[in-house]
Amino acid sequence: MSSPLRAIVAMAFLSGCAPSPPSHLEQITRAELDQRLDKATASAPGVVFGAIWRDGTTVLTAAGEADLRTGRKMTPETPFAWFSVTKLFTATAIMQLSERGLIDLDAPVGKYLPEIHLRRDGREATVRELLSHTSGMPNPIPITWVHLANEPGPGLDGMIRQRVGTDPKLDSVPGTKIAYSNLGYLLLGKIVERVSGTPYERYVTENVLTPLGCRTSGFAVPPDRATGYQNKWSFTGLAVWMLDSRFFGGTVGGYLETRPFTVDGAPYGGLNGPVDCLLRFARMTLAQGEGANGRVLSAASVQAMLTPSVMRDGRPGALVFGLAWRLDKIDGEPYADHEGGGGGYCSELRLYPRLGYAVAVIATETSFPTDGLVRLVVR
């Protein structure tokens, strides 16, 4: 496979979640929701849908199979790989440490990571700019940023040495352009470690997952995680096996299955867990920072994460990001969301703050179109 074609295939396989055109909000009944999920299994072996209201009212349902080879059924409790939705949890850790006075969001990154120089044209990127994807950090295709679950990975320090270095070339002057970057979140994870004195994974588990009540979520790959799949007959499915055959099993039911693996560099995409934990995170946000087992964030921090970022000169960006959250509107209704996906999984968490409502969808197919489900309001 040529290098350009390999890059295209890798991008399709590892980026996940097919983009969808804007749609309309749609109110449906629970019975209609179950029908939608049954239809959705034509696009993925298994799908889980969750919705939660500010008062805690919850809808959880699943369809399809978690593993086609064994016939294991999908359930609302089935854990998945979240990939980039993890960034919301990394950003939450940064905001907690900011509340404690250990991080100044507007300080240069070099204050906390003096060995790394994020400068261009005399400007140095700030912590806030890493959070809002305005730092100028590049976003190379994560073509080899994975390892099998039963093998050791490079760790956060190793990833930063390999992928960032000490003097990375920025794609733009900090604070002048919004451009999504996984690398920026590697650095945010390292800042969490540096200022807290605690390994990133342990900090997030103890200070974010535990107060949320997410007992079955974490960075280790659970043995009952749903198997990831790639449509065998798609362009990506026909060529992706050439990337690294160690990560792929056989084919079943028209899908190429992936073997248990995890990403290198947990802060940008390493969490696993059931939909329930994403709903707990969403409800915490709707409740102005109060989690199931205690306060996770202050109301001010929640608001800051949901406030559109601007460039240093006050201009809005072409894309609209808060701190980690992407911000948009549908039918005039504001929402905040984050997608994640790759290697046979696709996930999206969408928050409708004005409605006091949130939706989470996870599916076991790389390019599953989540838009048709996250715009549903269950009556």
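The values are calculated or read from the model by the stated rules, or taken from the named source; none is laboratory data. This structure is a prediction, so every number in the text was calculated from the model and none was measured. Positions of Cβ are backbone-derived with ideal geometry, glycine not excepted, and every protein chain shown enters the neighbour counts.
Are any residues in segment 78-99 of a type in the set (Phe, Trp, Tyr) and closer than 20 Å to residue 181 by Cβ, and if so, which ones?
82, 83, 89
Total residues in segment 104-136 satisfying the condition of being in a loop (DSSP other than H, G, I, E, B), crowded, with 24+ Cβ neighbours inside 10 Å and touching a helix residue (DSSP H, G or I) at 6+ places or on another chain (Cβ under 7 Å): the figure is 4. Within the set 148, 156, 97, 118, the sole residue that is modelled with pLDDT of 95 or more, under 22 Å from the mean Cα position of the chain (by Cα), over 15 Å from residue 267 (Cα atoms) and among the aliphatic types (A, V, I, L, M) turns out to be 97. Does segment 338-353 include one or more residues that are crowded, with 22+ Cβ neighbours inside 10 Å, in a loop (DSSP other than H, G, I, E, B), in contact with a helix residue (DSSP H, G or I) (Cβ under 7 Å, 6 or more places away or on another chain) and not aliphatic (A, V, I, L, M)? Yes, segment 338-353 contains a residue that is crowded, with 22+ Cβ neighbours inside 10 Å, in a loop (DSSP other than H, G, I, E, B), in contact with a helix residue (DSSP H, G or I) (Cβ under 7 Å, 6 or more places away or on another chain) and not aliphatic (A, V, I, L, M). When segment 60-103 is filtered for residues that are outside any loop (DSSP other than H, G, I, E, B), touching a Pro at 6+ places or on another chain (Cβ under 7 Å) and within 19 Å of residue 224 (Cβ to Cβ), the ones remaining, listed by number, are 60, 61, 62, 64, 65. Candidates 320, 302: the one that is crowded, with 20+ Cβ neighbours inside 10 Å and under 28 Å from residue 26 (Cβ atoms) is 302.
When 192, 221 are checked against the criterion of being over 15 Å from residue 82 (Cα atoms) and either modelled with pLDDT of 95 or more or surrounded by fewer than 19 Cβ atoms within 10 Å (Cβ to Cβ) (or both), a single residue qualifies: 192.
Checked against the criterion of being assigned to a strand (DSSP E or B), buried (at least 16 other Cβ atoms within 10 Å of the Cβ), touching a residue at least 12 places away in the same chain (Cβ under 8 Å) and of a type in the set (Val, Ile, Thr), the candidates 359, 377 yield just one match: 359.
Sub-9 Å Cβ pairs linking a first residue in segment 279-301 that is farther than 17 Å from residue 205 by Cα to a second residue that is assigned to a loop (DSSP other than H, G, I, E, B) and of a type in the set (Lys, Arg), at least 6 apart or interchain, are 283/54; 286/54; 287/54, ordered by first then second residue. All of 72, 6 fail the test of being modelled with pLDDT of 95 or more, more than 16 Å from the chain's Cα centre (by Cα) and of a type in the set (Lys, Arg), apart from 72.
Number of residues in segment 299-337 that are part of a loop (DSSP other than H, G, I, E, B) and touching a helix residue (DSSP H, G or I) at 6+ places or on another chain (Cβ under 7 Å) equals 4. Could you grab me the full set of residues in segment 152-179 that are of a type in the set (D, E, K, R) and in contact with a Lys or Arg (Cβ under 9 Å, 6 or more places away or on another chain)? 157, 167, 169, 171 - these are the residues of segment 152-179 that are of a type in the set (D, E, K, R) and in contact with a Lys or Arg (Cβ under 9 Å, 6 or more places away or on another chain). Going by the conditions given, is residue 56 assigned to a loop (DSSP other than H, G, I, E, B), of a type in the set (Gly, Ala, Ser) and either touching a strand residue (DSSP E or B) at 6+ places or on another chain (Cβ under 8 Å) or in contact (Cβ under 8 Å) with a residue 12 or more places away in the chain (or both)? Considered against the rule, which asks whether it is assigned to a loop (DSSP other than H, G, I, E, B), of a type in the set (Gly, Ala, Ser) and either touching a strand residue (DSSP E or B) at 6+ places or on another chain (Cβ under 8 Å) or in contact (Cβ under 8 Å) with a residue 12 or more places away in the chain (or both), residue 56 comes out as yes. Suppose we keep only residues that are of a type in the set (Gly, Ala, Ser) and touching a helix residue (DSSP H, G or I) at 6+ places or on another chain (Cβ under 7 Å) within segment 13-39. Which one would you say is modelled with the highest pLDDT? The extreme case among them is 23. Going through (1) buried (at least 19 other Cβ atoms within 10 Å of the Cβ); (2) over 18 Å from residue 212 (Cα atoms); (3) touching an Asp or Glu at 6+ places or on another chain (Cβ under 8 Å); (4) not polar (S, T, N, Q) one by one, residue 296 falls short only on (2).
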